[in-house]
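Here is the structure we will look at, set down as structure tokens.
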Amino acid sequence: MRARIGAIHGRPRGTYGAPRVHAELLKRKTLNLSNKALKGRWQMKGDKKIKRKSPRPPRARKVQRNITKANQSQAQHQRYSELYQSIIASATEGICACHDVPEFPYVRFTVWNDRMTEITGYTMEEINTSGWYQTVYPDPEVQARAKERMDRMRQGDNLNQEEWEITRKDGQKRKLLISTRIVPGGETGVNVLAVMDDISERKKSEEETRRRANELAALNALGRQVSATLVFEQVSDAALKGIMNAVHPDLAFLFLRDGEKLILKGVEATQPGKWLEEIPEHRVGECLCGLAARERKPMYSRDIFADSRCTWEECKKAGFRSFAALPLLSGTEVIGIVGLSSYEERDFLIQAEFLETLASQIAVALENARLFEQVKNELTERKRAEEALHQSEARLLATVENTPNVAIQWYNEAGQVQYWNKASEILHGWKADEAVGKTLDALILTPEEAAEFLRVLGGIRETGKPFGPYEVRFHRRDGTPGWVLSTTFGIPMDQGRTTFVCMDVDITERRRVEEELARVARDWQTTFDASNDAIWILDQDQRVLRSNKTAEGFFQRPCNELVGKHCWEIVHGTSQPIPECPIMPARNSLGRESMELQTGTGWFEVTVDPILDAANQFAGAVHIVRDITGRKRAEARMEHLNRVLRAIRDVNQLITQEQDRDA
């Protein structure tokens, strides 16, 4: 489509190039044919002009046919013109054309399809009135950079899928890929054709993927921390540290529910202060934490000073602005509250799903730790232990049954499923009544993997220590593969038996992202190694970070011996850069620098392209060495030939002069 529209610019608005020109030519041709037809109606008799008699001579009929064909051709070109206009108007990319004008806004657009209006929010009339740079680049620095880039484009340096951020009429920021071409000719002189692709949604999707990957990593880290022990104090301390690392609030604290009271059990803060020792006892139903406990749902406040639900003054006095209260649910029972605070205004609601998953994982870990302590302390009294175990199993069952993102199973010592929660049904595809009583080789593992699982259970029974977290590959009921982060631990039961609890978090998507990143890295390395030039990636101190295969042949060393060395050690065999080194001027110019280097009988061209950091400062360079020996030898042979020709010319001139004197 771009090839077809490339010739349309430089025409007045409402026209699309070639079709209009063809129509004008047809019009002129039709008028000429009509004049010829009129002339054919008269003939000369002597000195008089008389009208021909009917029927018309054959030439008149031929002229009439030519007029008909011309009209048909004009209609066909009109259809082509309408087709070109329709193609441009319905294109999924923004298409526009402009040229320079001497008066404000100094650029005038003559083509502006509907997609351009959708992307920018401006019509062509509005842009031509207010100006392209002045509207979509309100930031003066960005506006100046855009103008400078367009100046280079007019000199032949076209934009090719370059990413730019514009500001729409409604204030929204949009990411665009812009490509341009210079189109000479037309009534307006030199025109610029631009094609713009809105990639804002794709950028958002990429950012969302990164955010999800970070959240999965945080969940995995928290899972490892809270599963490393069953001591309640250690679990609560690990939970608070884990949530600080995952969410980065200014304050995180843990309340445990005791009837209608909320008892503070732990605090983590970025700025510890005396006020932390003065947090009073909270009650269910009061302030955000109490409301979260009563309603059994999270409470979020972006500004506690303007939130009537926040009735306690401690957080306000401490200078906090935003707050989140997350209930820790064991089934339908609230066992505690995790509170998060921020000095700066922050919308915790944006991370609601992630925060609630963290809270669910903490709740399971705390409940497991509490259950473990209860079982451990009450083993001396069998009846009391049985009652406590019964209550604990009920609470645990309620917790695991309603945990949405953690698949939990119980196994006996033979590896048979005793319990299979709803999250396990969703993750593995097997219903609970189908899974209970079966071993994992009949469900999600191969016989070899199931045998390894039994060995893990035996190790837990012998040592009494939990196993994991560890990553396990499995197959769903429909045969599709998946990965989970799994933690397994044992719970002592009566008569010396042990029940094993396995907690799985689905990490299939994280593994897919990791494998995709690895594939991209392999593809990049393959391309890197395919070049005929020796290429290095250098750090700020000119040490080789990466080297391609071609460099091994250039410098007769394997890549692992090149990496870590200074470039001058390898190329020149010196202890410091040579004065002609192109990296020195590249540090100052922040642009490409090059030099030609002779080594023995060989010639090489060394090119350096600087790598800039986020602050636009020199952070390293791409160092390329190209063998130009053949070219230099050809140049030398050409120079030698020129010298020979000049010598022959001088001899011929001398001979001619001698002949002239003899004559």
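Scanning segment 460-473 for residues that are surrounded by fewer than 20 Cβ atoms within 10 Å (Cβ to Cβ) and in a strand (DSSP E or B), we see that the one that is farthest from the chain's Cα centre (by Cα) is 467. Take the conditions (1) on the phi > 0 side of the Ramachandran plot; (2) in contact with a strand residue (DSSP E or B) (Cβ under 6 Å, 6 or more places away or on another chain); residue 505 misses just one of them, which is (1). Evaluate segment 341-351: report whether one residue or more is in a helix (DSSP H, G or I), farther than 16 Å from residue 244 by Cα and polar (S, T, N, Q). For segment 341-351, residues in a helix (DSSP H, G or I), farther than 16 Å from residue 244 by Cα and polar (S, T, N, Q): absent. Scanning segment 332-353 turns up at least one residue that is farther than 30 Å from residue 271 by Cα and open to solvent by 10 Å² or more (accessible area, probe 1.4 Å).
Does residue 520 count as out of contact with any Phe, Trp or Tyr (no Cβ under 8 Å at 6 or more places or on another chain), assigned to a helix (DSSP H, G or I) and at pLDDT 85 or above? Full working, then the answer.
Details: out of contact with any Phe, Trp or Tyr (no Cβ under 8 Å at 6 or more places or on another chain): yes; assigned to a helix (DSSP H, G or I): yes; at pLDDT 85 or above: no.
In short, no.
Looking across segment 490-524, the residues that are more than 20 Å from the chain's Cα centre (by Cα) and without any contact (Cβ under 8 Å) to a residue 24 or more places away in the chain come down to 495, 496.
If the condition is being open to solvent by less than 20 Å² (accessible area, probe 1.4 Å) and either assigned to a strand (DSSP E or B) or in contact (Cβ under 8 Å) with a residue 40 or more places away in the chain (or both), then segment 100-109 contributes 107, 109. Within segment 87-123, being charged (D, E, K, R) and farther than 19 Å from residue 182 by Cβ holds for 103, 114, 115, 118. Restricted to strands (runs of 3 or more DSSP E) entirely inside segment 115-209, those with at least 1 residues that are at pLDDT below 90 and open to solvent by less than 60 Å² (accessible area, probe 1.4 Å) are 173-183, 191-198. Scanning segment 580-597 for residues that are more than 27 Å from the chain's Cα centre (by Cα) and either touching a residue at least 24 places away in the same chain (Cβ under 8 Å) or in a helix (DSSP H, G or I) (or both) yields a total of 10. Screening residue 78 on (1) within 23 Å of residue 171 (Cβ to Cβ); (2) open to solvent by 30 Å² or more (accessible area, probe 1.4 Å) shows it passes everything except condition (1). Across segment 302-320, not a single residue is classified as among the hydroxyl-bearing types (Ser, Thr, Tyr), surrounded by 14 or more Cβ atoms within 10 Å (Cβ to Cβ) and either over 24 Å from residue 406 (Cβ atoms) or modelled with pLDDT of 85 or more (or both).
Restricting attention to segment 593-618, which residues are open to solvent by less than 40 Å² (accessible area, probe 1.4 Å) and hydrophobic (A, V, I, L, M, F, W, C)? Hits for segment 593-618 are 595, 597, 606, 608, 618.
Residue-by-condition table, conditions (1) open to solvent by 90 Å² or more (accessible area, probe 1.4 Å); (2) among the basic types (Lys, Arg):
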| position | (1), (2) |
| --- | --- |
| 498 | no, no |
| 504 | no, no |
| 507 | no, no |
| 542 | no, no |
| 557 | no, yes |
| 560 | yes, no |
| 572 | no, no |
| 576 | yes, no |
| 579 | yes, no |
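Might you check whether a residue that is assigned to a helix (DSSP H, G or I), in contact with a strand residue (DSSP E or B) (Cβ under 6 Å, 6 or more places away or on another chain) and within 18 Å of residue 551 (Cα to Cα) occurs anywhere in segment 617-636? Yes, there is a match, as at least one residue in segment 617-636 is assigned to a helix (DSSP H, G or I), in contact with a strand residue (DSSP E or B) (Cβ under 6 Å, 6 or more places away or on another chain) and within 18 Å of residue 551 (Cα to Cα).
The values are calculated or read from the model by the stated rules, or taken from the named source; none is laboratory data. All of these numbers come straight from a predicted model, not from anything done at the bench. FYI the Cβ positions are ideal-geometry reconstructions off the backbone, even for glycines, and counts take in every protein chain you see. Keep in mind that these areas ignore ligands, DNA and RNA; they rest on the heavy atoms of the full protein, side chains included. Shrake-Rupley method; radii C 1.70, N 1.55, O 1.52, S 1.80 Å.
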